[in-house]
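One structure is given below, encoded as structure tokens.
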Amino acid sequence: MVHTDRRPRHPGAMSAQDRPGRTPRPQRAILAVLGCLLAALACLPVAQAEDGYELWLRYRPLDAEQAGDYRARFAQLVAPAQTDVQRVTREELVRGLGGMLGRAPTQAQRADRAGALLVGTPASLPAIARLGLELEGLGDEGYLIRSVQADGRAATVVAANTDAGALYGSFHLLRLLQTGQAVDALDLREAPKVKLRVLNHWDDLNRHVERGYSGQSIWDWHRLPDWLDPRYTDYARANASIGINGTVLNNVNANAQILTPMYLDKVAALAGVLRPYGIRVYLSARFSAPMEIGGLKTADPEDPAVRRWWRAKTDEIYALIPDFGGFLVKANSEGQPGPQDFGRSHADGANMLAEAVAPHGGVVMWRAFVYSDEEPDDRHKQAYTEFVPHDGEFRDNVLVQVKNGAIDFQPREPFHPLFGAMPKTPLMMEFQITKEYLGFATHLVYLGPMYEEVLRADTHARGAGSTVARVVDGSLEGHALSGIAGVANIGSDRNWSGSHFDQANWYVFGRMAWDPDAGARAIAQDWVRMTFSPDDAVVEPVVGMMMASHQAAVDYMTPLGLHHLMGRGHHYGPAPWVEGGPRADWTSVYFHRATKDGIGFDRTTGGSDAVSQYARPVAEVFNDPARVPEDFLLWFHHRPWTSRVSSGRSLWDELVHRYSRGVGEVDRMQATWTGLQGRVDDERHHQVERFLAIQRNEAQWWRDASIAYFQTFSGLPLPAGEAPPAQSLEYYKALEFPHAPGDTQ
Ligand code: GCV
């Protein structure tokens with residue numbers, strides 16, 4: 001990344017001043033001895049600082065045998081650099097190949113030896129045009145990587161229709177080397193299945209990050225546009241390497257000032273850094289901006305002056321940023337302004353903005369995370385109730401952005417019932433990468449399995465096989481526009497994400513946004529190889545930890561479908577006792593509904609009837625306590641404490657068992673990690689070890705506090721062999737965390 005290269009220099013490398021023949025003889029002798037000593041020192045293994053800054057783009061030297069093989073195949077680089085995208089592509093290849101192979105390939109205008117790497121498009125490189133490759137169907141971002149004979153010599157080609165495709169293909173090629181793949185008979189063809197692959201930063205203009213656990217905002221607004229922190233470039237590289245092609249710079253709880261000329265200049269400067277990496281910027285728009293910064297008396301989307309204001313504002317933005325992506329909007333949700341304040345619908349509001357960006361090719365991402373405090377209905381149902389009637393009313397350039405589940409990024413949620421229920425509207429997935437409800441940045445929780453579970457869930461909207469992935473990638477209903485958003489976990493921390501393992505969640509988000517059918521395990525394997533070590537003795541145990549980690553966290557936080565049991569406001573730690581306050585559906589008791597008789601939220605046809613928002617085959621399963629996946633039992637059912645579950649245990653015993661099972665898994669993670677000492681660099685090993693210790697303590701805290709609380713309802717003893725909570729319920733209830741990170745302001 002952009003920083004001093006700390007790799008040991010080649011012992012033979014000399015600068016011009018070092019050249020012999022310029023220094024008197026005796027001094028030369030002394031210098032020669034010193035030189036030998038230095039050369040010998042340079043050959044000693046040098047402990048390399050590993051602070052996580054380089055993410056998965058470390059490009060460390062490969063072992064000699066592998067490097068030798070690759071070196072012969074990538075001896076020469078033929079990659080034009082006429083455009084910014086071409087330039088950064090070439091830079092990345094030189095950096096990556098140079099780092100891994102010990103020396104950068106020679107660069108040439110045309111291949112004149114075996115072992116050339118040709119990178120570009122038929123338009124940018126005649127040699128690629130001569131190959132006559134089938135690039136149709138790869139679109140604007142796809143690529144192929146192939147071993148070929150170019151002008152009679154063995155070569156490797158990364159070819160695409162566009163520069164951006166060649167950039168993505170180059171990162172893929174580098175990944176093949178980073179993960180030790182064979183490259184002698186390559187024939188890969190890749191194109192993203194999803195069009196918009198976008199990070200959502202919940203970053204405020206004062207650099208506070210809502211639900212951020214990795215320092216301040218990466219965007220140094222005060223020093224922009226004059227100071228362009230090199231981190232922005234490295235951020236762009238990291239995103240491009242996993243196919244992310246858009247970023248929403250500011251919080252959905254938006255401040256209208258981002259739309260003022262002063263801030264738009266800053267946004268334009270960032271757009272300039274990100275553009276060569278194929279990344280467009282988007283902004284969260286505050287719906288009431290025409291009143292707050294435009295001097296209008298209303299923000300009514302039907303008011304001609306309001307419409308004019310948005311059109312003019314949009315034109316102003318595009319004059320500065322011709323490839324501006326468009327707007328993300330949180331409206332009429334959690335106190336944010338929106339069209340309903342003026343008696344208009346979500347479609348009215350979205351369409352007004354869509355009309356403004358349409359002439360420029362922009363889009364509107366309108367969030368479906370809405371629930372009203374005046375609405376006494378189950379919060380689970382409200383987004384569906386509000387949005388489904390408007391299916392078909394949104395303009396072509398509007399996507400409705402839906403969280404993966406109906407409540408709010410809980411440790412585990414069934415897929416949102418809107419997926420499959422709005423066939424005429426492109427529905428964009430919103431995942432959370434930052435771990436608001438999954439242990440902040442200290443708990444090791446790999447989100448790949450959770451994303452995979454949601455994307456593979458079958459909505460049955462058009463019969464079996466109508467997976468959420470097919471809704472989101474547009475293939476189920478034939479939408480050309482499609483998108484996936486992830487709420488970023490990136491901040492100013494040196495390691496970007498607050499912990500080394502949270503980088504994996506950024507990584508897997510990008511890979512799954514590119515291909516929603518990709519597997520979490522394979523992605524974890526790539527990530528570990530690139531981030532920690534290609535050594536199988538590291539890869540397999542670490543991937544094992546990662547793959548078990550989500551279930552572990554669900555077990556020690558919210559087993560069996562429980563949800564929303566965290567501390568009030570900051571969301572840190574267990575607080576199933578939370579009640580009262582401004583609204584019922586911000587409390588824990590609203591969601592778990594524990595009584596002397598049982599526990600769980602009855603969302604069956606006899607209860608809130610949320611199940612009926614799913615297609616019939618899904619609804620029937622969710623409605624039946626004997627068929628509902630046990631992971632969602634208490635999400636959909638209120639069950640007696642003594643009822644039996646599939647293990648044969650009573651519900652109470654199973655609950656306690658799962659809490660303890662989660663803690664036990666963290667014990668195993670700790671043991672695995674300790675066993676890797678010496679195989680992973682000390683710096684990162686140490687931090688992960690300490691964070692796992694925090695996680696172990698907090699897992700125990702979650703278990704103990706939850707059991708102590710729920711036992712007051714069940715009145716049942718702990719199953720044999722289960723340790724009682726370490727402290728009294730009063731102790732847990734009295735804990736306070738006034739300065740926990742990431743809270744709203
Ligand atoms: C940006 C949850 C979070 C809020 C967040 C909101 C949203 O309620 O706790 O911090 O606000 O989701 O997604 O809009």
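Among the numbered criteria (1) assigned to a helix (DSSP H, G or I); (2) within 30 Å of residue 523 (Cβ to Cβ), which single criterion is violated by residue 265?
The number of the failed condition is (2).
Please work out which residue is surrounded by the most Cβ atoms within 10 Å (Cβ to Cβ), limiting yourself to the stretch 59-96 and to residues that are of a type in the set (Phe, Trp, Tyr) and not in a helix (DSSP H, G or I).
74
Looking at the stretch 309-355, which of its residues are of a type in the set (Phe, Trp, Tyr) and away from the ligand (no atom under 16 Å from the Cβ)?
Matches in the stretch 309-355: 309, 310, 318, 324, 342.
I want to confirm something. Restricting to the stretch 419-429 and keeping residues that are over 26 Å from residue 360 (Cα atoms) and in contact (Cβ under 8 Å) with a residue 60 or more places away in the chain, which single residue is farthest from the ligand (Cβ to nearest atom)?
It comes out as 420.
Which condition number in (1) in contact with a Gly (Cβ under 8 Å, 6 or more places away or on another chain); (2) farther than 16 Å from residue 239 by Cβ; (3) small (Gly, Ala, Ser) is the one that residue 513 fails?
(2)
Taking the options 705, 699, 734, name whichever one is surrounded by fewer than 20 Cβ atoms within 10 Å (Cβ to Cβ) and among the hydrophobic types (A, V, I, L, M, F, W, C).
734
Part of a helix (DSSP H, G or I), within 22 Å of the chain's Cα centre (by Cα) and more than 16 Å from the ligand (Cβ to nearest atom), is that true of residue 273?
Against the criterion (part of a helix (DSSP H, G or I), within 22 Å of the chain's Cα centre (by Cα) and more than 16 Å from the ligand (Cβ to nearest atom)), residue 273 qualifies.
So, of the residues in the stretch 398-416 that are within 21 Å of residue 586 (Cα to Cα) and more than 15 Å from the ligand (Cβ to nearest atom), which turns out to be surrounded by the fewest Cβ atoms within 10 Å (Cβ to Cβ)?
Per the criteria, the residue is 415.
Name the residue that is farthest from the ligand (Cβ to nearest atom), counting only residues in the stretch 368-397 that are outside any loop (DSSP other than H, G, I, E, B) and touching a Phe, Trp or Tyr at 6+ places or on another chain (Cβ under 6 Å).
382
Is it the case that residue 290 is crowded, with 24+ Cβ neighbours inside 10 Å, more than 16 Å from the ligand (Cβ to nearest atom) and without any contact (Cβ under 8 Å) to a residue 40 or more places away in the chain?
yes
Report, ordered by the first and then the second residue, all pairs with beta carbons closer than 7 Å, sequence separation of six or more or different chains, a first member in the stretch 394-408 that is under 14 Å from residue 384 (Cα atoms), and a second member that is within 12 Å of the ligand (Cβ to nearest atom) and part of a loop (DSSP other than H, G, I, E, B).
Note: pairs meeting the criteria are 400/368; 401/368; 402/368; 403/369; 403/409; 407/564.
Note down all Cβ pairs under 6 Å where the first residue falls in the stretch 240-266 and is without any contact (Cβ under 8 Å) to a residue 60 or more places away in the chain and under 13 Å from residue 204 (Cβ atoms), the second is away from the ligand (no atom under 16 Å from the Cβ) and acidic (Asp, Glu), and they're at least six residues apart or on different chains.
256/292
For the structure I just gave you, tell me whether residue 295 is in a loop (DSSP other than H, G, I, E, B), free of Cβ contacts under 8 Å to residues at least 24 places away in the same chain and within 16 Å of the ligand (Cβ to nearest atom).
Answer is no for this residue.
Here is a list: 679, 649, 658, 639. Which entry is surrounded by 14 or more Cβ atoms within 10 Å (Cβ to Cβ) and either touching a strand residue (DSSP E or B) at 6+ places or on another chain (Cβ under 9 Å) or without any contact (Cβ under 8 Å) to a residue 24 or more places away in the chain (or both)?
Checking each option against the conditions leaves just 639.
Only one residue in 219, 202 is over 21 Å from residue 508 (Cα atoms) and either in contact with a helix residue (DSSP H, G or I) (Cβ under 6 Å, 6 or more places away or on another chain) or of a type in the set (Phe, Trp, Tyr) (or both), so which one is that?
None of the other options fit; the residue is 219.
Pairs needed: first member in the stretch 559-571, farther than 17 Å from residue 700 by Cα and in contact (Cβ under 8 Å) with a residue 40 or more places away in the chain; second member anywhere, β-branched (Val, Ile, Thr) and in a helix (DSSP H, G or I); C-beta distance under 7 Å; at least 6 residues apart or different chains.
none
Go through (1) farther than 15 Å from residue 443 by Cα; (2) without any contact (Cβ under 8 Å) to a residue 24 or more places away in the chain; (3) surrounded by 14 or more Cβ atoms within 10 Å (Cβ to Cβ) and name the single condition residue 710 misses.
(2)
Which of (1) in contact with a His (Cβ under 6 Å, 6 or more places away or on another chain); (2) closer than 30 Å to residue 634 by Cα does residue 426 not meet, given it meets every other one?
(2)
Values in this text are rule-based calculations from the coordinates and carry no lab data. For clarity, every value in this text was computed on a predicted model and none was experimentally measured. So basically every Cβ, Gly included, is an ideal-geometry build from the backbone, and we count neighbours across all protein chains shown.
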